[in-house]
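All of the numbers you see were taken from the coordinates with simple rules; none came from a lab. Note that the structure is a prediction, hence the values are computed from the model and not measured. Here the Cβ is made from the backbone with ideal geometry for all residues, glycine too, and neighbour counts use every protein chain on show.
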Amino acid sequence: MTSLAAARATRDCVVCGAPLVTHLADWLLRCPRCGLRVSRLGEEAVTARTPGAWDEHNAAALTALRQHTATRLLDALAALRLLHETRLLDVGCGPAWFLDAAALRCQSVAGLEPDDATAAQARARGLDVSTGYFPHSAPPGPFDVVSFNDVFEHLPEPLQAAMSLAGLLSEDGRVLITAPSRRGFFYRLAEGLARCGLKAPLERLWQRGFVSPHLFYFEPASLDALFARCGYRCVRALELPSVARPGLWARIREGGRMPLPLAALIFVGCWLLIPLLHRLPADIVVRIYQRAPAP
Ligand SMILES: [Zn+2]
């Protein structure tokens, strides 16, 4: 049995190898050594009423925040390499919000998206987007940047995904990861509420009941440790706002599992907190990796 298969069978931590323990809910696990959170939500059945990953409602609610995010991510990449000489692959590109912005600044852009209807819409707009899952359906490289925007935490085999990048990246290629952090203010608040018996906010953050729920909650240190196992080091780190006032109500209500009074309370709390969020631990972290020099 490979070490990866052994880790799956015993539910050991994919980052540090320690045995996971149940945490706050029967679908949630925690690594007592590195703090990684792991869910069993990929094993739960979904129904026809389950919200899709990229329905129009979802896309509209997040448009303003995503456009702002795309600019910040591309600026961070531009500080490391010339974008007009960059061939970029965006994994799990969804409605191609990041590809649209990257296409204006990069030499070439390509996308990979598991939902065929969403991929077809991007292709109809002239974008080079293929349908399928990473890493098996990734288009042939080399790419100078491979990006995972709110995607890495959905992958069932993150270590295997990180290892597969070696065959896709150019010599000095970079990997960009945007992911939710378990150190973030809203995540810690949701775990605190779950400890008091109020589990709906934690379920909403994990996207329980969605077609593609979160399978992991990393933090900067655990992401860095995972990529270090594959020979990469972090060369740039950013933090991003996880919420904005436009579209806030739609995002809280998305999925429809949260009781209305609780959703209203969270909406008011978030609305008031948003101007102060930059002072609180970030819920979305960005890491850019490149191959570490040979020892
Ligand atoms: Zn661990």
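Quick rundown of the values:
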{"item": "Cα centre as origin, Lys/Arg/Asp/Glu Cβ charges: the range 152-204 dipole, Debye", "result": "440 debye"}
{"item": "The range 77-231 - Rg (one decimal) and Dmax (whole number), Cα, Å", "result": "16.6, 52"}
{"item": "For Phe210, residues with placed amide H under 5 Å, excluding near neighbours", "result": "none"}
{"item": "For Ala122, net neighbour charge (Lys/Arg +1, Asp/Glu -1) across residues whose Cβ lies under 12 Å away", "result": "-4"}
{"item": "5 angstrom amide H check on Phe143, placed H, neighbours 5+ away", "result": "Leu169, Ser170"}
{"item": "Value of Rg/Rh across the range 85-139 [Cα atoms, Kirkwood radius]", "result": "0.94"}
{"item": "Alpha-carbon gyration tensor eigenvalues x 5, square-rooted, for the range 182-295, Å", "result": "31, 16, 12"}
{"item": "Kirkwood-Stokes translational diffusion coefficient of the chain, alpha-carbon pairs, 20 °C, 1.002 mPa s, µm²/s", "result": "109 µm²/s"}
{"item": "Under-5 Å amide H pairs with Val235, H placed in peptide plane, nonlocal only", "result": "Ile288, Tyr289, Gln290"}
{"item": "Computed FRET value (nearest 0.05) for Phe267 with Glu44, which takes r as the C-beta separation and R₀ as 22 Å", "result": "0.25"}
{"item": "The range 153-181-the range 21-38 distance, computed between alpha-carbon centres (Å)", "result": "23 Å"}
{"item": "Cα centroid separation, the range 63-102 to the range 132-149 (Å)", "result": "14 Å"}
{"item": "The chain - share of DSSP beta bridges that are antiparallel (%, nearest 5)", "result": "55 percent"}
{"item": "Estimated vicinal HN-Hα couplings, Hz - the range 120-133 in sequence order (Karplus 6.51, -1.76, 1.60; Gly, Pro = x)", "result": "5, 5, 5, 4, 5, 8, x, 8, 8, 10, 9, 9, x, 9"}
